[in-house]
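Readers should treat all values here as calculations from the given coordinates under stated rules, not as data from a laboratory. Note that the structure is predicted; figures quoted are calculated from it, not measured. Heads up, the Cβs are rebuilt from the backbone with ideal geometry, glycines too, and the neighbour counts pull from every protein chain shown.
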Amino acid sequence: MLKENLQEVEEKIQSACQRAGRDRSEVTLVAVSKTKPAATLQEAYELGVRVFGENKVQEIREKYEVLPKDIEWHMIGHLQTNKVKYIVDKVRLIHSVDSLRLAEVIEKEAEKHNRGVDILLEVNVAEEESKFGLKTDEVLPLAERITEFSHVRLRGLMTIAPFVENPEKNRAIFANLHKLYVDIKEKNIDNGTVSILSMGMTNDYEVAIEEGATMVRIGTGIFGARDYSI
């Protein structure tokens, strides 16, 4: 099943790139593996997947220890400041920075490990009360503050769009975030390191790619439905 699912996702990514006149190499697939056992991730790894996204710090820590070391781990869930120290030396990218306080803690912990940490600012474009993230007008001021840090690198923006039956309903959200992303790139914030736009999940990633996503986060489409009882 995993092989067929990956193949289907890959075909859809390629088709969306084609429709948008983009090259397939412009889009990174993040396999969202939260709640999935290490054995399932190993199977995906053997099928060529190298980028995995996790929502919980504990899962990253556990899986990091037992899975191949060339895996690129992404923290895509809400990150509490007191948990930063556990993953700052393990993850390639933190998608969910939504406050100056969190960025400051990442900077402090990264300095202890003498390494740079790449982050995305999470933007709540739809302004859903149930979701974390910055309002669009808060993004630029925070991006400018982060340029003062020496261990945190702002690489781009991320959003979690509302869950909708018809993905077209999220097109405007993706288009708005793309516009903000372009604005930040044009201002050359953080010495031009901004190059990632993480948006689109299983139900709407094709629309997200058409609107400029450079990274899509797909869980159910690859691994099937999750069991939250474990």
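Rg ratio for the range 1-107: its Cα radius of gyration over 2.2 N^0.38 Å, N being its residue count, equals 1.18.
R0 = 22 Å: FRET efficiency of Glu165 with Glu127, Cβ-based, nearest 0.05? The value I calculate is 0.60.
Packing, taken as the mean count of other beta carbons within 10 Å per residue, orders the peptides 152-163, 52-63, 77-88, 11-22 from highest to lowest as 152-163, 52-63, 77-88, 11-22.
Residues Leu93, Leu140, ranked from the fewest to the most other C-beta atoms within 10 Å, line up as Leu140, Leu93. The ellipsoid that matches the Cα gyration tensor of the range 165-206 has semi-axes, each √(5λ) in whole angstrom, of 25, 11, 4, with the longest given first. Checked against a 18 Å cut-off, the cross-linked pairs Lys34/Lys90; Lys90/Lys112; Lys69/Lys112; Lys108/Lys131 give Cα-Cα distances beyond that limit for Lys69/Lys112; Lys108/Lys131.
Rounded if a/c is under 1.5, else prolate if a/b beats b/c, else oblate: with a ≥ b ≥ c from the C-alpha gyration tensor eigenvalues square-rooted, which is the chain? Oblate is the answer for the chain, as a/c is 1.5 or above yet b/c matches or exceeds a/b. Cross-link partners for Lys85 among the aspartates and glutamates, with Cα-Cα distance under 13 Å and sequence neighbours closer than 8 places in the same chain left out: Glu104, Glu107, Glu109, Glu111. Our helix-only sum for the chain, with -39,500 (n - 2.57) per DSSP H run of n ≥ 4 divided by its residues, gives a mean residue ellipticity at 222 nm of -12000 deg cm²/dmol. Counting only residues at least eight positions apart within a chain, or on another chain, the aspartates and glutamates with an alpha carbon under 16 Å from that of Lys179 are Glu122, Asp137, Glu138, Glu210, Glu211. When peptides 173-179, 196-202 are sorted by average Cβ neighbour count within 10 Å, with the highest value leading, the order is 196-202, 173-179.
Across the range 2-223, C-alpha contacts under 8 Å between residues 6 or more apart give a mean separation that, scaled by the residue count, equals a relative contact order of 21 percent. Placing pseudo-labels 7 Å out from each Cα toward the beta carbon at Lys135 and Met1 gives an inter-label distance of 4.3 nm.
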